Amino acid sequence: MLYNLASRIRGDAVLKYIKSTDSHLDIGVGNGYLLEKSPAIYKAYVYTHAEDNLPKIKTERFSIITMVAVFEHLLDTKKVLYDCIRLLTEHGKIIITTPTILGHILTPLVSYYDSIEHRMVVTKAYMQSIVPNDCIMTHKIFEFGLNQIFTIRRR
C-alpha cells in the first residue's frame with residue numbers, strides 16, 4: 001500500500017512536466033500510472049534489468065522521456081542517458097526520479113525486492129558528472145526528502 005502511494009506521488013511529480021502536445025516515451029512503465037494519466041502521445045518501453053539498451057529507435061524523437069524509479073536499477077546509467085539524449089527533440093526534456101540517500105536507506109521498509117535490485121544510489125554530484133556539457137540539468141527533492149527529480153535538456 002505504501003509502495004503504491006509512493007509510486008503515485010512520483011508519477012504526479014513527473015506529470016507536471018508533461019503537456020498534451022508532447023510525444024512521450026516512458027522507460028520502465030512500472031505499475032502503469034503514467035500510461036494511464038499522461039496527457040501526451042505515449043510510447044512505453046518496459047525496461048528489463050538484464051538489459052540497459054533502449055529499443056533501436058532510428059528516426060522517432062520524443063519531447064519528453066521519463067524514467068520513474070528506473071535509473072538506480074541500471075548497470076550503465078551513462079549509456080542509457082546518452083541514448084535518451086539522442087532520442088530527444090530539439091527542446092525535449094528527460095525526467096528522471098530516483099530515491100535520495102535517505103530514500104535508498106528506507107526503501108527496504110516499503111519494498112524489499114525493489115531495494116535489492118538497486119544498483120546504485122544516484123546523487124546530484126553523480127548526475128552532474130555524467131550529464132554532457134551541452135545539456136542543462138535541474139534537481140529537486142520531493143516526497144519529504146525521500147525522492148529526487150532530475151530534468152535534463154539540451155542547451
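Points to keep in mind about this one:
- Matching helices (runs of 4 or more DSSP H) fully within region 64-137 where at least 1 residues are small (Gly, Ala, Ser) and out of contact with any Pro (no Cβ under 6 Å at 6 or more places or on another chain): 101-110, 124-130
- When residues in region 1-22 are screened for being out of contact with any Ser or Thr (no Cβ under 9 Å at 6 or more places or on another chain), outside any helix (DSSP H, G or I) and either modelled with pLDDT under 80 or aromatic (Phe, Trp, Tyr) (or both), 1 of them pass.
- Out of Leu25, Leu34, sole residue that is closer than 23 Å to Thr107 by Cα and at pLDDT 80 or above: Leu34
- Restricting region 81-93 to residues that are at pLDDT 90 or above and farther than 10 Å from Phe62 by Cα leaves a set whose member that is surrounded by the fewest Cβ atoms within 10 Å (Cβ to Cβ) is Tyr82.
- Selection from region 52-105 of residues that are in contact (Cβ under 8 Å) with a residue 40 or more places away in the chain and of a type in the set (Ser, Thr, Tyr): Ser63, Thr66, Thr77, Tyr82, Thr89, Thr97, Thr98, Thr100
- Region 94-131, residues that are loosely packed, with under 14 Cβ neighbours inside 10 Å, closer than 18 Å to Asn4 by Cα and not hydrophobic (A, V, I, L, M, F, W, C): Pro108, Tyr112, Tyr113, Glu117
- Long-range neighbours under 6 Å by Cβ, at least six apart or interchain, first residue within 18 Å of Ile152 (Cα to Cα) within region 2-24, second of a type in the set (Lys, Arg): Leu15/Lys37
- Where Ala69 falls short, out of the listed (1) surrounded by fewer than 21 Cβ atoms within 10 Å (Cβ to Cβ); (2) modelled with pLDDT under 90; (3) within 25 Å of Ile9 (Cβ to Cβ); (4) not hydroxyl-bearing (Ser, Thr, Tyr): (1)
The values are calculated or read from the model by the stated rules, or taken from the named source; none is laboratory data. Computed from a predicted structure; not experimentally measured. As a convention, Cβ positions derive from the backbone with ideal geometry for all residues, glycine included, and neighbour counts pool all protein chains shown.
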